[in-house]
1. Specify the residue that is nearest to V107 (Cα to Cα); the eligible residues are those in region 58-76 that are assigned to a helix (DSSP H, G or I) and not hydrophobic (A, V, I, L, M, F, W, C).
2. If we keep just the residues of region 336-372 that are among the hydroxyl-bearing types (S, T, Y) and modelled with pLDDT of 95 or more, which is nearest to G309 (Cα to Cα)?
3. Look through region 68-82, keep the residues that are among the small types (G, A, S) and in contact with a strand residue (DSSP E or B) (Cβ under 7 Å, 6 or more places away or on another chain), and return whichever of them is surrounded by the most Cβ atoms within 10 Å (Cβ to Cβ).
4. For region 315-372, name all the residues that are of a type in the set (G, A, S) and not in a loop (DSSP other than H, G, I, E, B).
5. Mind listing whichever residues of region 1-25 are assigned to a loop (DSSP other than H, G, I, E, B) and either of a type in the set (S, T, N, Q) or at pLDDT 95 or above (or both)?
6. Exactly one condition in (1) touching a Cys at 6+ places or on another chain (Cβ under 8 Å); (2) touching a residue at least 60 places away in the same chain (Cβ under 8 Å) is false for L139; which is it?
7. Anything in region 175-190 that is part of a loop (DSSP other than H, G, I, E, B) and closer than 19 Å to L78 by Cα? List them, or say none.
8. For E95, indicate whether it is surrounded by fewer than 23 Cβ atoms within 10 Å (Cβ to Cβ), without any contact (Cβ under 8 Å) to a residue 60 or more places away in the chain and within 17 Å of the chain's Cα centre (by Cα).
Amino acid sequence: MSAGGDAPLLLMTPGPTRVPARVLGAGARPMIHHRTPEFSRELAAMLELLGPVFGTSGAVLPVHTTGRGAMEAAICNLCTAGDEVAVCCNGKFGELWASLAESYGLVVHRICTEWDRDVDPADVAGFLTAHPRVHAVALTYCDTSTGVRNDVASVARAVRAHAPEALVLVDGVSSLGGMAFAFDEWGVDVAVTASQKCLMSSPGLAFAVLSERAWTANARASLPRNYWDLAAVREHVSRAQPETPGTPPVHIVLQVAEALRMLHEEGLANVQRRHEAMAARVRHRIAELGLSVQCPSLRQFAPTLTAIGLPGALSPGTLREKLKARGILTAAGLGRFQTTAFRIGHMGDIRMSDIERTLGALADALAPVSVR
């Protein structure tokens, strides 16, 4: 898609994000057979470089799917029909955890359901005290429907304190690679992410990490799984010549391995600071333009996306079309915010120069309209 002739649109969306030329080049190599030492070296390098992104010394498991598929794999690998799970539904992707769990016959308790609030660890603790049979608590780290950054570490501590045997499941699809994550230190049991967001690659590959507590649950769980069998994935990637149970998307593996090399060359801490700086700049500038974040009562905002509220006189669709005409592709609001907000993604390969270009286009698009 392009604007102004053949000029490509600047993708300021929450994914798929821009793929750097170096990563595109890695994915343009001639086909490598997936049962060769050459491919195994790339697979092993990718998984090793992902460990620090997750903040784990454990095995990172590649799953040939989207982030949604990795979330489903987490459910069917760890649960038995009838298990009770508590799902923090303060956004569209928290709700996705709930719908996936329901589809497998789990008893789902929706908690923390207000989209304009962070997940409150005290609310989680109180719920677990009243429901001691809960098998797992699921939440989203960054929910791109609202721009929230949920405090995963504090929620995990609350779970450990009030339901020590319960598992903590985290959707990190729109955060890992752009936001600090400490799987081992925080006591998370399952975390998933995917290739097409902060990892700067094409869609089609997801990743999961499981704690020892989760592997124990895996051995006891009885939900059906075949393609989603994470134990089989772990067995294959642990071989002397690492491989996957089936045919992987070879060129996406090559892309992700190269993208991770780029992230580590920049330094993960520097990558995270870059994301924080871009988000702060967006929030500051939209305030100067008379706009506000979509959910101003949030305590923590994600550095990977900003959801922007608009006054009633402004149509998000019209504004987004004006931005598109200026070469900028943004994202629509989700859920009840669809008619009152739009979203700017700033993750992965996005740089401050892209932010300034986007904010300049936004100022131009707003110029004929008084928003104050």
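The values are calculated or read from the model by the stated rules, or taken from the named source; none is laboratory data. All figures in this text were calculated on a predicted structure; none of them were measured in a lab. Virtual Cβ from ideal backbone geometry, glycine too; neighbours counted across all protein chains shown.
1. If we filter region 58-76 for residues that are assigned to a helix (DSSP H, G or I), which is where we start, we get 67-76.
This time we only want the ones that are not hydrophobic (A, V, I, L, M, F, W, C), so: 67-69, 72.
Numbers: G67: 23, R68: 20, G69: 20, E72: 15 Å.
So the residue we want is E72.
2. The first filter runs over region 336-372 and keeps only residues among the hydroxyl-bearing types (S, T, Y), leaving 339-340, 353, 358, 370.
Next cut, modelled with pLDDT of 95 or more only: 339-340, 353, 358.
Values: T339: 9, T340: 6, S353: 23, T358: 16 Å.
Looking at residues that are among the hydroxyl-bearing types (S, T, Y) and modelled with pLDDT of 95 or more, I get T340.
3. Here is the first cut: in region 68-82, the ones among the small types (G, A, S) are 69-70, 73-74, 81-82.
This time we only want the ones that are in contact with a strand residue (DSSP E or B) (Cβ under 7 Å, 6 or more places away or on another chain), so: 69-70, 73-74, 82.
Details: G69: 20, A70: 26, A73: 24, A74: 30, G82: 10.
Top of the filtered list is A74.
4. As a first pass, look at region 315-372 and keep what is of a type in the set (G, A, S): 315, 317, 325, 327, 331-333, 335, 341, 345, 348, 353, 360-361, 363, 365, 367, 370.
Selection gives G317, A325, A331, A332, G335, A341, G345, S353, G360, A361, A363, A365.
5. Of the residues in region 1-25, the ones assigned to a loop (DSSP other than H, G, I, E, B) are 1, 3-7, 9, 12-20.
Of everything in region 1-25, those that are assigned to a loop (DSSP other than H, G, I, E, B) and either of a type in the set (S, T, N, Q) or at pLDDT 95 or above (or both) turn out to be L9, M12, T13, P14, G15, P16, T17, R18, V19, P20.
6. Checking L139 against (1) touching a Cys at 6+ places or on another chain (Cβ under 8 Å); (2) touching a residue at least 60 places away in the same chain (Cβ under 8 Å), the one that fails is (2).
7. Let us first name the residues in region 175-190 that are part of a loop (DSSP other than H, G, I, E, B), namely 175, 177-178, 180-182, 187-189.
Within region 175-190, G187, V188, D189 meet the criteria.
8. On the way: surrounded by fewer than 23 Cβ atoms within 10 Å (Cβ to Cβ): yes; without any contact (Cβ under 8 Å) to a residue 60 or more places away in the chain: yes; within 17 Å of the chain's Cα centre (by Cα): yes.
So E95 passes the test.
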